[in-house]
Amino acid sequence: MMAAYPVSCTSCGACCAAFRVSFHRAELAGPERRGVPPAMAVVEVGNTMRMCGTDEHTLRCVALQGTVGESVSCSIYADRPSPCREFGALADVGIYERACNRARARHGLPPLPVDD
């Protein structure tokens, strides 16, 4: 279902301040590869890393810049981990997920239409 008004992730950012972001260690930047800067992640367990700030009481990804619900950006957008790449992949064309609305609700933002 297409929304009557598209909501850009760059104006929302609620997901970046609502969910834990875990990813494989291979997604970290290294000497010969781009990826998540190691300083922005912590070891969760084994080869699983977690974006700093996404497991805090006041959850907010360390890479999130701006004000949720107004104007936001990701400081590592081109190098963000796979969960971030996959979440809301169709939002720019007006197709939203239920998880997006759960994140929006945590920040007092109105729900977006989702396809049942």
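Put simply, the amide H of G13, placed in the peptide plane, has neighbours under 5 Å in G69, leaving out anything fewer than 5 places away on its chain.
Just from its helices, what would the mean residue ellipticity at 222 nm be for the chain, if runs of 4 or more DSSP H residues each count -39500 (n - 2.57) and the sum is divided by every residue, rounded to the nearest 500 deg cm²/dmol?
On the way: 2 runs with 14 residues, N = 116.
Per the formula, -3000 deg cm²/dmol.
With all protein chains kept in place, the per residue accessible area of the chain amounts to 59 square angstrom at a probe of 1.4 angstrom.
For the stretch 50-116, the Kirkwood hydrodynamic radius from C-alpha pairs, put into Stokes-Einstein at 20 °C and a viscosity of 1.002 mPa s, yields a diffusion coefficient of 163 µm² per second. Taking only Cα atoms of the chain, what ratio of Rg to Rh do you get with Rh as the Kirkwood inverse-distance radius? Using Cα coordinates only, the ratio equals 0.99. Can you tell which of S11, A26, A41 lies farthest toward the positive end of the dipole of the stretch 1-85, using +1 and -1 charges on the Cβ of basic and acidic side chains (Lys, Arg; Asp, Glu)? Going by the Cα projections, it comes out as A26.
The values are calculated or read from the model by the stated rules, or taken from the named source; none is laboratory data. What you see is a predicted model, and the numbers here were worked out from it, not measured in a lab. Ideal geometry is used to build each Cβ from the backbone, glycine not excepted, and the neighbour counts take in all protein chains shown. The accessibility values were calculated without ligands, DNA or RNA, using every heavy atom of the protein model including side chains. Shrake-Rupley method; radii C 1.70, N 1.55, O 1.52, S 1.80 Å.
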